[in-house]
Structure formats: structure tokens, C-alpha cells
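Here the structure is laid out as C-alpha cells; the discussion comes afterwards.
The values are calculated or read from the model by the stated rules, or taken from the named source; none is laboratory data. Remember, predicted model here, so these are calculated numbers, not experimental data. Counting neighbours? That spans all protein chains shown, and the Cβs are built from the backbone with ideal geometry, glycine included. What goes into the accessible areas is simple: the full protein's heavy atoms, side chains included, and nothing from ligands, DNA or RNA. Shrake-Rupley method; radii C 1.70, N 1.55, O 1.52, S 1.80 Å.
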Amino acid sequence: MNYYRLPKNIRQIGENEEGIKIYLEDYVNTFIHRCITSEENENITGILLGQRERINGIDYLFIKGAVDTEDDIKKNFKDLEVCGCFFFDKLEQTSRLQLTKMFEESYPSEGQVLYYIHGQDEEFCIRDLQHGIRKVAGYCVYYE
């Protein structure tokens, strides 16, 4: 029996999602946005780390870390799995087709997520082997 407890302090962004609930830790969100504002690069990409849980028949993905390189994973996040990536497109020059192709090649497993930040918009996409890559209706930012 699984005794994982859901975070109590959350902020819902978008609609409730069917099939999987994505929870992004506030610290990770802050880290990503700090990278975005401190870098002068047009595009910034990194790896998302977390854990998956099944609670009361519902699949949850808890994103608990983000890094620039795989070396940081081995050093700081041994207990977490790679669950996808984040991509910031400052000038919004990357087409959806290019982004989808890059994501498919780098993250071929089902359930991998892409946190896509472009302009003032942020969205999650998930790799679903039945439907391909699809936008997630909503996610939660949680605070611990």
C-alpha cells in the first residue's frame, strides 16, 4: 500500500488534467525562472527530475529538481529519475515541429514531460505513446 502524501499548499495552473497530475515544486520553478532571467542566451534547456507515484488509482508526477547537465544529476539528485526537460525560447523562434522533434529524439519514453516557456506563456506537454506529444490542460505548483 502506498502512503505518499499529497502536498497541501498548492497553486493550480490551468484545468485539472485527466490521466496524470503534474506537481512542480516551487523551488524548481524558481530555479528555472532564475536561469532564464540571468542568462543572455536566446534558448535555455535543462533536465527535469522527479518521481512518479500512483495514489488512489491516479498517476502523479512530482517534479523535484532541475539541472543543466547530467553530471549534476549524479552529484545532487541520485534518488530522482529523469522525467523530461524544460525549454525556454526567448525569441519564440523555435517552431512547434522543431521542438516536438527535439523532444521526441531526446525523451522517447512514455510519460516524459516538456515544460515549455515562451514569451509570457508556460505549458507542459507529455509524451503519450497512444496520442503522441500533447499539451497538458493544467498542473500544480506546490510548496514544501
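The GNM of the chain, with springs linking C-alpha atoms under 10 angstrom apart, assigns the highest mean-square fluctuation among 96, 52, 134 to 96.
Assuming charge only on the beta carbon of Lys and Arg (+1) and of Asp and Glu (-1), the dipole of the chain about its Cα centre is about 440 debye to the nearest 20. Whole-percent P(r), region 1-76, all Cα pairs, 10 Å bins from 0: 15, 42, 31, 11, 1. Calculated [222 nm] ellipticity per residue, helices only, for the chain: -6500 deg cm²/dmol; basis is -39500 (n - 2.57) per DSSP H run with n ≥ 4, divided by all residues, nearest 500. For the residues 133, 22, 13, a GNM of the chain with alpha-carbon springs under 10 Å puts the largest fluctuation on 13. Listed values for region 89-100 are Karplus-derived 3J(HN,Hα) couplings in whole Hz (6.51 cos²θ - 1.76 cosθ + 1.60, θ = phi - 60°), namely 10, 4, 9, 6, 9, 8, 6, 4, 5, 4, 5, 4, and x replaces Gly and Pro. Which whole number in µm²/s is D for the chain by Stokes-Einstein, with the Kirkwood Rh taken over Cα pairs at 4 °C and 1.567 mPa s? Translational D for this selection: 83 µm²/s. Taking the chain as a Gaussian network of alpha-carbon nodes connected by springs under 10 Å, the highest mean-square fluctuation of the residues 53, 123, 105 belongs to 105. When both bridge partners sit in the chain, DSSP labels roughly 70% of those beta bridges antiparallel. Compared with the dominant Cα axis of the chain, that is its longest principal axis, helix 26-38 is turned about 0°. Heavy-atom accessible area for residue 70, with the other protein chains in place and a 1.4 Å probe, reaches approximately 120 Å².
Here the 3J(HN,Hα) profile of region 115-124, calculated from phi with Karplus coefficients 6.51, -1.76 and 1.60 at θ = phi - 60°, is 9, 9, 10, 9, x, 9, 9, 9, 8, 9 Hz, Gly and Pro shown as x. Taking only the C-alpha atoms of region 74-136, the Rg (one decimal) and the largest Cα-Cα distance, Dmax (whole number), read 12.5, 35 Å. Charge tally for residue 6 (other residues, Cβ to Cβ under 10 Å; Lys, Arg +1; Asp, Glu -1): +2. For region 132-141, the Karplus equation 6.51 cos²θ - 1.76 cosθ + 1.60, evaluated at θ = phi - 60°, returns couplings of x, 8, 9, 6, 8, 5, x, 8, 10, 9 Hz by residue, with Gly and Pro reported as x.
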